[in-house]
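The values are calculated or read from the model by the stated rules, or taken from the named source; none is laboratory data. Bear in mind the structure is a predicted one, so any value in this text is a computation, not a measurement. Glycine gets a Cβ as well: all are built from the backbone with ideal geometry, and neighbour counts include every protein chain shown.
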Amino acid sequence: MTFSPQLEARFEKLLRSYPPGRQRAALVPMLLYAQDEVGAVTPEVVEEIGRRLGVSTLEIEEVISYYSMLRRTPAGKHHIQICTNISCMLLGAEELWEHACRRLGIGHREVTPDGQFSLEEVECIGACSWAPALLVNYDYHHHMTPEKLDRLIESLRKPQ
Amino acid sequence: MLYNEPSPLEVRLLTRRFGLPNSASIETYLATEGYVAFRKALQMSPEQIIEEVKISNLRGRGGAGFPTGLKWSFVPRQSPKPKFVVVNADEGEPGTCKDRVLMENDPHQLLEGMLIAGLAVGAHTGYIYIRGEYRYLIEIMDRAIEEAYQHGYLGKNILGSGFDFDVYTHTGAGSYECGEESALLESLEGKRGIPRIRPPFPAVVGAFQCPTVLNNVETFCAIPAIIRDGGAAFAALGTPKNGGTRLFAISGHVNRPGVYELPMGFNLLRMIHEVAGGIRNGKKLKAVIPGGTSCPVLKAEECDIPMDFDSLARAKSMLGSGGVIVMDEDTCMVKVALRIMKFYAHESCGWCVPCREGTLWLKKLLTRFHEGQGRRSEIDLIGGLARNMLGRTFCPLGDAAAMPTISLVEKFYEEFEAHLDGKPCPYEIKTAVRV
Amino acid sequence: MADRVKLQIDGKTVEAPAGALLINVARQAGIDIPAFCYYDGLALQAACRMCLVEVEKAPKLLAACTLPVTDGMVVRTETAQVREARKAMLEFLLTNHPLDCPVCDKGGECELQDAVFRYGAGESRFTEEKLHVPEAQWSPVVYYDAPRCILCYRCVRICDEGLGVRALGVVNRGATTEIAPNRGDHLECDECGMCIDICPVGALTSGIYRYKTRPWEMKHVGTICTHCGDGCKTTLGVYGGQIIRGNNRDRSGINDEFLCIKGRYAFDFVHHPDRLRTPLVRRNGQLVETSWAEALDLVARKFSEVKARGRKFGVIGSNRTTNEENYVLQTFVRQGLGTNNLDHHRTGDVVSLVAALAGRQGALAASADLYQRKAALIVAADLAQQHPLLAFLLRANWRHHQARVYVVTPGPVREDSYAVRSVRAPSGEELAAVESLRDALAAEPELVILFGDSVKGERVRRLVEFGDSLGISVQYVCLLDYSNSRGAADMGVLPDLLPGYAPVEASGAPPGLTLPEMLDAPDLDVLWVIGANPLARRALTSKEAFVVVQDLFLTETAARADVILPAASAYEKTGTVTNTCGEVQRLRKAVEIPGTKSDLEIFGLLARRMGLPFGPWRPEEVWEEIRANVSGYNVPSALLAAGGAFPTFPASGLHSVRPKPELIRSAGDTLFTSGTLGRYCKTLSSVREAPGTLYRS
Ligand SMILES: Cc1cc2nc3c(=O)[nH]c(=O)nc-3n(C[C@H](O)[C@H](O)[C@H](O)COP(=O)(O)O)c2cc1C
Ligand code: SF4
Ligand code: FES
């Protein structure tokens, strides 16, 4: 399979980052970056990266199933990850989570039928002092409330 | 970018450039004593650098508080293999969000710390292992690395010194356990984040089976100040054996949660009331987890305590990663115990029996408890199971799950009792969304 | 001795090499520290936490499986704290374990069950819902029941480290962690079953044995695998007159606990429905059932008549019959029938090797040498496919002792993955490539050279010359295909050599016909085939020949027979066999198939009917005769009877060879084939792996 020139450039840089003979080190970054572009770690992605790194499918499966950010089916266009870990929980993250589920009509690791949104309840994302927090794709949103979440969803819905 | 107002009580050493225009740029960095310490270190012998770090009483900011100078001295001087510098930027401990601001606002400080570590141990390559969620920080660090190459602070023959050093970022992909140093090294090698059998420790057999200096982001960020101003000056900021300042991430039920740089040994109650503006909504303080969820909880009456490694150890808790989680009187401690255990059960790598099975069992047990379906005998079972994990797991994650649990049951026994016999959680209604 | 330390374990003072692992030191001192994940010879895991012990001055319990002993260490392995910790680990393990012991294949042989019995974690405080995962079938041979799995990772390691296959992995994390096969929902591997055997619980079970019986209801018979030439001990589990299991858990053979798919599962031919159970004779062109008496009479009459007329016999012996049978056969043929027209399918040129070594003792490698010698050279052989045990031993030698392995083969082989040098050379042209390794090989302290069938005739002599010229100690293994290929040659099932490679000329008679010469002879009167299938791919030239076949099945050769005598297989008789390394071992009878007779018994009955002055024989008596008469076979009978393996060196001096390279041909079997016999092993044909082309990794 083919990747974008930007991704190829990133891969090339990655492969140069590690000592000779240690290119397998690039596996996790390559999977994650490929997922960002392709939408998921598909069997084709596994095969292609396995081929490039000389790593067996089983070894890649071992790795994919270990890391919680790697997924095999695409998330929504806007992947909303709500932290409900302790600092966020203390400030209402669970209510925020439930609000999001109701609002989008989906649950944990589900995608809206139009493919626009997906939800994931996640562990601490390193925003404890600005809780409750969530990530939309890789963007942080701090001090969230249900109202702010509604506005966020509305603004994301609008075609940019 | 800063996510909270600074406090006048802060001693801003590592955060001194925060808030400056373009604080992340090399221009700002160079204009504010940037890379001065590195230039100084180039004139020092490796032994001198390590000695200075030892004098500083800098202790690891990742959690365990191991003396950094001592750790560096374990790296073999002579080695037929290359050596590596690895930054632990996995920042996964719940309650902790300090490494993030350090990298976001002053990435060059981290690079300078790595360079000095490289000089100290004779390493020529550094990796920054950044958790996958911190994608924007990878972009920031990559930009800073690029700048450093352009300005001759990275690459071959740096500043004509003959010293070569390269730095690369490396992303994780969602795993708390990958913050544990040996699991991190496995992950860095493209594998599952299963910790390694130790000894050997990373200083001897680390990244790619080579000697490696591995420290937390904040630990590396303290190095330039130590070399620039001298280890003694850094040590003087803190308490005995606990040198310098540290970044405390205060979260939970306070009026001004945020990341604040305070001297080691700063009193916890003052931190809550004077730095973080006290408990919100005029509520009373109930408990504090002083260093991230792996640390035993302190009851309100135990909070008049200097925040340094030794004082907290004496109080049978830990300073950990400096994540201060503050809980007010309306907080359900059973719920807290449950949420913490849910986290560890989710993050247990599954390698060893007590951690894999213990965290799941406790999660199920606590879930039932919180729903009011607990039995009296099971209160002791919770503590008992946690004790059966403590000290017996393959890596410290099991301890991290056990310790807060044991303390919560011990110190808030009556709250567990209040959940017995189908009674609804007495606190449930009050945990409302902050407005 | 500075590299030895003294320590105390449970009050006992113990001496051990510095750095040895506490768990081993304790075990050697007779103190058993329980362990699931620790497995001698495999990588350390420290995962099960069963081996926790108290060490003085240590703030917490330490895992004995990863703890190197140090001088002055004081260890306690059975204190209240330790016992309590172990009980706690078991309690954790049992939380998600289904506790279906009464229906579990492992019941009675389960290490978890035993540990629970010992530490008393019988009743659990766990009242939550257990994780449920349905059982999965990964191959006809391998089933996986995830909830029973205690994640000791033994299976993963034996497959990866032991076999070099790495067909098993670990997926997911936390409590959902599982073992997974390499092809998503199924396995593609050697199907050796080592993972099943090594599993301490009933998580991995064998499709062959599942739910057949309880282990304690079986009779266990340790015998020698009848398939390849490596000579693994396989302990057959017999229940109700049926073989239902094969393994070697008592580790009593040269193979320790290793077995490949053939040794572990390919015993099913024994009970195959096509098994011949009645003698058959040809009447009016049709093979019809008859009685043993009638069939034997017919054969004896024919043999006597042909002998009396001085006409031509051709006798083809077997690669799988016992030494005793082979020895008696050659006596029968030479003295009873008066001919040297005796041969067998030669799968490697051991005759030339023995000749080239000219009686030099110690020049043949025993299987243990493959695990111990510092270096090995593999010439023209796909070891992992054709000699699974030797491949396993060599790999273990590399893993444990960093043995240096060199490979010279026509195509890629599994050994390439760890060889210091791999050279590709077309079949028959290996010696030049071997020569190119001269400097490297000469720098080794010692060497074992293993060679396959394309090194034959003159090339064997040249290879030995090469070995001799290296100036280091060199041992050889001539690779042969079947369980008693070596024994057939040693016992003189050859037209030109008597037992012990003594030239037939010594007895005054000229050499007889070789196997192809017999098949080609237009005037052949009798062809007698014992446990061989020479007509599998070609026809018999002599249309008139009277053909007698002793076999288990109606093979192509049997189909041409005038009389077929249903024979017993190796698993149905006693006797000895000699493996490709020349180690002689004893067969033990596991079952009896009604209607069949051992070849030895058949020879005896025929001899009596022919009025020949020998027989009947008991295997034990023949063995004593072999010990007395065949050079190199004078090994201790008692130890052999106890299940030992003894190297033989069957030639006392130089003997001439008639190089006939065209006679030497490996059957080209792979892990999943075993000559004609393999066709009747359903297990071998049921696995989905291609029968493994040689020289393809
Ligand atoms: C389960 C677990 C998770 C950890 N996570 C982190 C982390 O996210 N960041 C970190 O710096 N250290 C973490 N640590 C501590 C590291 O193992 C290691 O001690 C630290 O990175 C060393 O750096 P320091 O000496 O500068 O503290 C973790 C430890 C454990 C046991
Ligand atoms: S290696 Fe050979 S002797 Fe051993 S079990 Fe397999 S086929 Fe039988
Ligand atoms: S044997 Fe030591 S942890 Fe399993």
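Output the residue which, of all residues in the stretch A:107-129 that are crowded, with 23+ Cβ neighbours inside 10 Å and away from chain B (no Cβ under 14 Å), is farthest from A:C83 (Cα to Cα).
Here the residue is A:F117.
Quick check on this structure: which one of C:L22, C:L94 is of a type in the set (A, V, I, L, M, F, W, C) and either more than 14 Å from ligand 3 (Cβ to nearest atom) or within 9 Å of chain B (Cβ to nearest Cβ) (or both)? Before you say what the answer is, go through the steps one by one.
Details: C:L22 fails: either more than 14 Å from ligand 3 (Cβ to nearest atom) or within 9 Å of chain B (Cβ to nearest Cβ) (or both).
Step by step, each of C:L22, C:L94 is checked, and only C:L94 is of a type in the set (A, V, I, L, M, F, W, C) and either more than 14 Å from ligand 3 (Cβ to nearest atom) or within 9 Å of chain B (Cβ to nearest Cβ) (or both).
When you scan the stretch C:490-505, do you find a residue that is of a type outside the set (K, R), touching a strand residue (DSSP E or B) at 6+ places or on another chain (Cβ under 7 Å), surrounded by fewer than 21 Cβ atoms within 10 Å (Cβ to Cβ) and not in a loop (DSSP other than H, G, I, E, B), even just one? Break it down stepwise before answering.
First pass over the stretch C:490-505, keeping only residues of a type outside the set (K, R): C:490-505.
Filter again for touching a strand residue (DSSP E or B) at 6+ places or on another chain (Cβ under 7 Å), leaving C:490, C:492-497, C:503-504.
If we keep only those that are surrounded by fewer than 21 Cβ atoms within 10 Å (Cβ to Cβ) as well, we get C:503-504.
Still in the list and also not in a loop (DSSP other than H, G, I, E, B): C:503-504.
Yes, that holds for at least one residue.
Can you give me the ranges of the helices (runs of 4 or more DSSP H) entirely in the stretch A:64-160 with at least 2 residues that are without any contact (Cβ under 8 Å) to a residue 60 or more places away in the chain and of a type in the set (K, R)?
Numbers: elements: A:86-90, A:93-104, A:146-157.
Here the list reads A:93-104, A:146-157.
If you check A:A40 against the conditions, is it in contact with an Asp or Glu (Cβ under 9 Å, 6 or more places away or on another chain), small (G, A, S) and not assigned by TED's automatic domain parsing to the domain that holds A:H142? Steps first, answer last, please.
On the way: in contact with an Asp or Glu (Cβ under 9 Å, 6 or more places away or on another chain): no; small (G, A, S): yes; not assigned by TED's automatic domain parsing to the domain that holds A:H142: yes.
For A:A40, the condition - in contact with an Asp or Glu (Cβ under 9 Å, 6 or more places away or on another chain), small (G, A, S) and not assigned by TED's automatic domain parsing to the domain that holds A:H142 - is not met.
In the stretch B:411-435, which residue that is more than 29 Å from B:S317 (Cβ to Cβ) and within 12 Å of chain A (Cβ to nearest Cβ) is modelled with the lowest pLDDT? Let's see the steps before the verdict.
First, the residues of the stretch B:411-435 that are more than 29 Å from B:S317 (Cβ to Cβ): B:421-424, B:429, B:433, B:435.
Imposing the further condition that a residue be within 12 Å of chain A (Cβ to nearest Cβ) reduces the set to B:429, B:433, B:435.
Values: B:I429: 47, B:V433: 40, B:V435: 34.
Within the stretch B:411-435, the match that is modelled with the lowest pLDDT is B:V435.
Considering the stretch C:146-171 alone, what residues qualify as being of a type in the set (A, V, I, L, M, F, W, C) and assigned to a loop (DSSP other than H, G, I, E, B)? Full working, then the answer.
Going through the stretch C:146-171, the residues of a type in the set (A, V, I, L, M, F, W, C) turn out to be C:146, C:149-152, C:155-156, C:158-159, C:163, C:165, C:167-168, C:170-171.
Answer for the stretch C:146-171, where residues must be of a type in the set (A, V, I, L, M, F, W, C) and assigned to a loop (DSSP other than H, G, I, E, B): C:C149, C:I150, C:L151, C:C152, C:L163, C:V165, C:A167.
Residues that are more than 22 Å from the chain's Cα centre (by Cα) and of a type in the set (F, W, Y): list the helices (runs of 4 or more DSSP H) wholly contained in the stretch B:293-381 that include at least 2 such residues.
Working: elements: B:309-314, B:333-347, B:353-370.
Per the criteria, B:353-370.
Of all the strands (runs of 3 or more DSSP E) wholly in the stretch C:552-651, which have at least 1 residues that are under 23 Å from the mean Cα position of the chain (by Cα)? So that I can check it myself, show each step before the final result.
Working: elements: C:563-566, C:575-578, C:583-587.
Because the criterion is at least 1 residues that are under 23 Å from the mean Cα position of the chain (by Cα), the strands (runs of 3 or more DSSP E) in the stretch C:552-651 that meet it are C:575-578, C:583-587.
Residues checked against (1) within 30 Å of C:G169 (Cα to Cα); (2) among the hydroxyl-bearing types (S, T, Y); (3) buried (at least 23 other Cβ atoms within 10 Å of the Cβ):
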residue: B:D166; (1), (2), (3): no, no, no
residue: B:E181; (1), (2), (3): yes, no, yes
residue: B:F201; (1), (2), (3): yes, no, no
residue: B:Q209; (1), (2), (3): yes, no, no
residue: B:T212; (1), (2), (3): yes, yes, yes
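Residue under question is B:I194, and the condition is that it be within 9 Å of chain A (Cβ to nearest Cβ), in contact with a Pro (Cβ under 8 Å, 6 or more places away or on another chain) and surrounded by 23 or more Cβ atoms within 10 Å (Cβ to Cβ); does it hold? Talk me through it step by step, then tell me what you get.
Working: within 9 Å of chain A (Cβ to nearest Cβ): yes; in contact with a Pro (Cβ under 8 Å, 6 or more places away or on another chain): no; surrounded by 23 or more Cβ atoms within 10 Å (Cβ to Cβ): yes.
So B:I194 fails the test.
Going by what's in this entry, would B:G172 be described as over 21 Å from B:R228 (Cβ atoms), without any contact (Cβ under 8 Å) to a residue 12 or more places away in the chain and surrounded by 22 or more Cβ atoms within 10 Å (Cβ to Cβ)? Write out each step before concluding.
Working: over 21 Å from B:R228 (Cβ atoms): yes; without any contact (Cβ under 8 Å) to a residue 12 or more places away in the chain: no; surrounded by 22 or more Cβ atoms within 10 Å (Cβ to Cβ): yes.
Taking the combined requirement at face value, the residue does not satisfy it.
Given the conditions (1) crowded, with 22+ Cβ neighbours inside 10 Å; (2) more than 7 Å from every other protein chain (Cβ to nearest Cβ), and given that A:R71 satisfies all but one, which numbered condition is not satisfied?
Only one criterion in (1) crowded, with 22+ Cβ neighbours inside 10 Å; (2) more than 7 Å from every other protein chain (Cβ to nearest Cβ) is unmet by A:R71, namely (1).
Of the residues B:E347, B:E371, which is under 16 Å from C:R173 (Cα atoms), away from ligand 3 (no atom under 16 Å from the Cβ) and either surrounded by fewer than 21 Cβ atoms within 10 Å (Cβ to Cβ) or more than 7 Å from chain C (Cβ to nearest Cβ) (or both)? Working first, answer last.
On the way: B:E371 fails: under 16 Å from C:R173 (Cα atoms).
Among B:E347, B:E371, only B:E347 is under 16 Å from C:R173 (Cα atoms), away from ligand 3 (no atom under 16 Å from the Cβ) and either surrounded by fewer than 21 Cβ atoms within 10 Å (Cβ to Cβ) or more than 7 Å from chain C (Cβ to nearest Cβ) (or both).
Only one of C:P17, C:P59, C:P68, C:P102 is away from ligand 3 (no atom under 13 Å from the Cβ), within 11 Å of chain B (Cβ to nearest Cβ) and exposed (fewer than 14 other Cβ atoms within 10 Å of the Cβ); which? Before you say what the answer is, go through the steps one by one.
On the way: C:P17 fails: within 11 Å of chain B (Cβ to nearest Cβ); C:P68 fails: exposed (fewer than 14 other Cβ atoms within 10 Å of the Cβ); C:P102 fails: within 11 Å of chain B (Cβ to nearest Cβ).
Only one candidate passes the filter, namely C:P59.
When both residues are 6+ apart or on different chains and their Cβ atoms are under 6 Å apart, which pairs have a first residue that lies in the stretch B:54-72 and is free of Cβ contacts under 8 Å to residues at least 12 places away in the same chain and within 14 Å of chain A (Cβ to nearest Cβ), and a second that is within 16 Å of ligand 3 (Cβ to nearest atom) and of a type outside the set (F, W, Y)?
Here the result reads none, with nothing in the stretch B:54-72 linked to a residue that is within 16 Å of ligand 3 (Cβ to nearest atom) and of a type outside the set (F, W, Y).
Could you check the stretch C:349-416 for helices (runs of 4 or more DSSP H) lying wholly inside it with 3 or more residues that are without any contact (Cβ under 8 Å) to a residue 40 or more places away in the chain and not assigned by TED's automatic domain parsing to the domain that holds C:C225? Outline the logic, then answer.
Numbers: elements: C:350-357, C:367-372, C:383-386, C:388-401.
Correct list: C:388-401.
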